[in-house]
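Data block below; observations after.
The values are calculated or read from the model by the stated rules, or taken from the named source; none is laboratory data. A quick note: this is a predicted structure, and the numbers were derived from the prediction, not measured. Quick reminder, even Gly has a Cβ in these numbers, built from the backbone with ideal geometry, and neighbours come from all protein chains shown. Accessible surface areas use protein heavy atoms only, side chains included; no ligands, DNA or RNA. Shrake-Rupley method; radii C 1.70, N 1.55, O 1.52, S 1.80 Å.
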Amino acid sequence: MGYKGIFNGLLMAALAVATVSCDEIGEDERLVWTDPADFQFTNKVVLLEEFTGHRCPNCPSGAEVVHGLETWARGHVIPVSIHCGFYAEVINNTAFSTDFRTNAGNAYFNEFGPDAFPSAMVDRSFDEDMVYINSNYSTWQADVLERAIETSPVDLQLDVTRNDRNLSIDVTTAVYSTLGVGLSLQLWLVEDSIVGAQLAGNEIDYNYVHNHVLRDAINGTWGEEIGVPVAGSTVARNYNYTIGEACKPENCHVVAFLYETASRGNVIQAARW
């Protein structure tokens with residue numbers, strides 16, 4: 001079976017799952033993609049940015065797809081959940097009083113303009129001249145596979161040392177071939193295992209576990225421009241960052257990625273600590 005066959009097979013698997021309601025999927029029956037024997041991952045690590053919210057009734061179904069992709073890809077997919085827009089709004093004195101929104105997340109919502117929730121950007125890839133946002137979660141894995149078979153022209157290494165709430169972050173980019181475009185380096189703080197309310201269909205799950213939630217943009221909303229790296233060059237950066245009191249340090253991770261500065265799209269490579 002070639003890549004096109006694998007691509008179609010994964011698509012059909014997801015479409016089949018999409019016909020099953022959320023309450024029929026048990027904790028031990030989550031969708032898990034198996035790795036076809038002839039599929040070889042490259043050095044490419046794919047970034048999946050999911051627009052979501054705790055008042056979004058269909059978002060748990062999207063999260064199930066993300067979980068399956070993350071399990072199947074074994075480190076080759078990095079999901080980040082961006083809570084923003086109407087469905088992320090807080091209603092005080094209710095189950096939805098926790099605010100998962102961030103200034104950076106609000107900026108991405110305004111910049112990319114998702115018109116449905118949940119929706120996802122995979123590597124901020126383009127459809128013609130615009131970053132493609134896919135609101136059909138049953139086809140997210142097809143978008144991921146399309147990027148996962150590519151080879152990235154850069155290697156991105158992320159080394160983080162944590163001392164309580166203080167992080168020392170070293171990022172190293174080794175460039176294999178000249179891209180000819182300016183790149184920006186983005187660092188995010190994400191947090192797993194946040195227990196809180198989530199609307200699921202017509203019911204409220206008061207003990208829903210929110211994972212890979214965007215908590216902060218460590219080096220600014222749009223990161224740091226690193227210029228036009230040339231083949232054979234190495235770009236190194238160091239950052240010191242203090243995790244805020246609203247987060248549990250033991251559940252936090254750092255996500256780094258490189259994207260084209262001018263378009264704010266086309267993620268070249270990603271890494272996670």
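Just a few scattered comments:
- For the condition farther than 19 Å from F100 by Cβ, within 15 Å of the chain's Cα centre (by Cα), surrounded by 20 or more Cβ atoms within 10 Å (Cβ to Cβ) and of a type outside the set (G, A, S), V255 does not qualify.
- When region 95-117 is filtered for residues that are touching a strand residue (DSSP E or B) at 6+ places or on another chain (Cβ under 8 Å) and either of a type in the set (V, I, T) or over 24 Å from A256 (Cβ atoms) (or both), the ones remaining, listed by number, are A95, F96, T98, T102, F117.
- For region 222-273, filtered to residues that are charged (D, E, K, R) and part of a strand (DSSP E or B), the residue that is nearest to D127 (Cα to Cα) is E260.
- Number of positions in region 115-130 that are more than 13 Å from the chain's Cα centre (by Cα), assigned to a strand (DSSP E or B) and not acidic (D, E): 2
- Any hit, region 107-117, residues being within 21 Å of P79 (Cα to Cα), at pLDDT below 95 and open to solvent by 50 Å² or more (accessible area, probe 1.4 Å): yes
- Residue that is at pLDDT 95 or above, within 17 Å of V190 (Cα to Cα) and open to solvent by less than 20 Å² (accessible area, probe 1.4 Å), where the choices are V65, V46: V46
- For region 68-93, a residue qualifies if it is open to solvent by 60 Å² or more (accessible area, probe 1.4 Å), farther than 22 Å from E245 by Cα and modelled with pLDDT of 95 or more, and the qualifying residues are F86, Y87.
- Residues that are open to solvent by 60 Å² or more (accessible area, probe 1.4 Å), aliphatic (A, V, I, L, M), in contact (Cβ under 8 Å) with a residue 12 or more places away in the chain and farther than 22 Å from V80 by Cα occur at least once in region 220-229.
- Positions within region 83-114 being closer than 13 Å to G196 by Cα, touching a residue at least 60 places away in the same chain (Cβ under 8 Å) and either among the small types (G, A, S) or in a helix (DSSP H, G or I) (or both), in sequence order: A95
- The condition of being small (G, A, S), modelled with pLDDT of 95 or more and open to solvent by 20 Å² or more (accessible area, probe 1.4 Å) does not hold for A37.
- The residues on offer are E128, E146, and the sole one that is open to solvent by 30 Å² or more (accessible area, probe 1.4 Å) and in contact (Cβ under 8 Å) with a residue 40 or more places away in the chain is E146.
- Enumeration of residues in region 170-218 that are under 20 Å from the mean Cα position of the chain (by Cα), in a loop (DSSP other than H, G, I, E, B) and β-branched (V, I, T): I218
- Search result, residues across region 149-169 that are open to solvent by 50 Å² or more (accessible area, probe 1.4 Å), among the hydrophobic types (A, V, I, L, M, F, W, C) and in a strand (DSSP E or B): none
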